[in-house]
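Take this structure, written in structure tokens, and hold onto it; I'll ask about it next.
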Amino acid sequence: MAVTPDRVMQLGLGFWGSKTLLSAIELGLFTVLAQGPMDLETLTSSLDLHPRGARDFFDALVALGMLEREDRRYRNTAETDEFLDRAKPSYVGGLLEMANERLYPFWGSLTEGLRTGQPQNEVKTGGPGLFENIYGDPDRLRLFLGAMTGLSMGAAMAIAQKFSWKDYQTVVDIGGAQGGLLVQLGLAHPHLQGTNFDLAVVEPVFTEYVAANGLSNRLKFLPGNFFEDSLPEADVITMGHILHDWDLDQKRMLLEKAYRALPAGGALIVFETLIDDERRQNVFGLLMSLNMLIETPGGFDFTGRDCCDWMSKAGFVATRVEHLVGPDSMAVGIK
């Protein structure tokens, strides 16, 4: 069979399709179409677009599988209607909004990051770092926390089902953001009491989200800084998409803090886009690690084997890795 450049060209120009979707989310296209199908002229007018590019834009989204068209009217697909309508609680576009606003331009400097090993975000031009930038702006923080909920929702639901929660009574989520994991655990397991340990500025967003899910009586917020403070004690400690933000020494320090906060028989759950041990298959995990190069001074993603090794060195007597959903897996350590 003849070798062709098809895959090379498709991957090399993959940003065309990516930015088309990101712009559609930015424009609120899927939220508008959630009200019902629209013809070309009505949809163009509703989004305040110039007619020159509108038809190609909508039809490109049809070809990409993000819209459907029938009788000259456009409508959402089942996926985009469920996950990209801002009015629905299942909206996961917060992560993609952040990708559009921040990551898309920063990734244009990946080559420089590979050559220098330095972040390519606001820090490069003398601005604040990733977390200072986000946590210093209430609107941006709310967007980020919603993005984290969207990123982790599938994994959170899987953790609620795959881990033996009947054996434990209390759980602390370290850097639990909006409370996505704790809410899923609380909904699935009425006996659990949960705590979100995060920076104080996160509390109002967490409180609102938990109340909306009817769990204010079982989920609480404890303000703190996981670098400066001891971690709260609980039967289970969870860390979701936390460790990859930090360098190796910081990763090990956080695992050691978790070990000290757990009782004998207690469990630590680390869930991330864990890279497969052979570093060949989890494309998302590997690209996420490059994203850490773009965004942080020392962060990187890692394999399940790496994480279990670090857990063992921190004192955990048993470790295992279990796939959750998509690119996400969890590493579990038992004290």
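Taking N as the number of residues in region 1-102, what is its Cα Rg relative to 2.2 N^0.38 Å?
1.16
I want to verify the translational diffusion coefficient of the chain in µm²/s; compute it with Stokes-Einstein, Rh as the Kirkwood radius over Cα pairs, at 10 °C and 1.306 mPa s.
Once the numbers are plugged in, D ends up at 74 µm²/s.
What number, in percent, do you get for the relative contact order of region 141-264 if the mean sequence gap of Cα pairs under 8 Å and at least 6 apart is divided by its residue count?
26 percent
Rounded to a whole number, what % of the accessible area of region 196-324 do carbon and sulfur atoms account for, probe 1.4 Å?
C and S fraction of accessible area: 52 percent.
Okay, next question. Can you tell me the order of 111-121, 204-214 when each peptide is scored by its average per-residue count of other Cβ atoms within 10 angstrom, highest first?
Result, highest mean Cβ count within 10 Å first: 204-214, 111-121.
Looking only at V172, V321, V283, which one moves most when the chain is put into a Gaussian network model with springs between Cα atoms under 10 Å?
Taking springs between Cα atoms under 10 Å, the residue moving most is V283.
Mind checking the log10 I(q)/I(0) for region 156-226 at q = 0.12, 0.17, 0.20, 0.27 Å⁻¹? Debye, one equal scatterer per Cα, no solvent, two decimals.
Here the Debye-derived log intensity ratios amount to -0.27, -0.54, -0.74, -1.24.
A78: net charge of surrounding residues, Cβ under 12 Å, Lys/Arg +1, Asp/Glu -1, itself excluded?
The answer is -4.
Pairs of alpha-carbon atoms within less than 8 angstrom and 6+ residues apart define the contacts here; what relative contact order does the chain have, in percent?
For the chain, the relative contact order is 13 percent.
Here is a further query. Which distance in Å, rounded to a whole number, links the C-alpha centroids of region 288-335 and region 188-206?
23 Å
Which residue, A63, N76, V183, has the largest displacement toward the positive end of the dipole of the chain when charges sit on each Cβ (Lys, Arg +1; Asp, Glu -1)?
Final value for the positive-end residue is V183.
Report the convex hull volume per residue for region 282-327, counting only C-alpha atoms, in Å³.
Spelled out: Cα convex hull of region 282-327, divided by residues, is 79 Å³.
Per-residue HN-Hα couplings for region 157-164, Karplus 6.51 cos²θ - 1.76 cosθ + 1.60 at θ = phi - 60°, whole Hz, x for Gly and Pro?
5, 5, 4, 4, 9, 8, 9, 7
About its Cα centre, how strong a charge dipole does region 241-296 have in debye, to the nearest 20, once Lys and Arg get +1 and Asp and Glu get -1 at the Cβ?
Approximately 180 debye in magnitude.
How long, wide and thick is region 228-335, going by the Cα atoms along their three principal axes, in whole angstroms, largest first?
36, 29, 21
The values are calculated or read from the model by the stated rules, or taken from the named source; none is laboratory data. Note that this is a predicted model, so its numbers are computed, not measured. Cβ: placed from backbone, ideal geometry, glycine included. Neighbour counts: every protein chain shown. Keep in mind that these areas ignore ligands, DNA and RNA; they rest on the heavy atoms of the full protein, side chains included. Shrake-Rupley method; radii C 1.70, N 1.55, O 1.52, S 1.80 Å.
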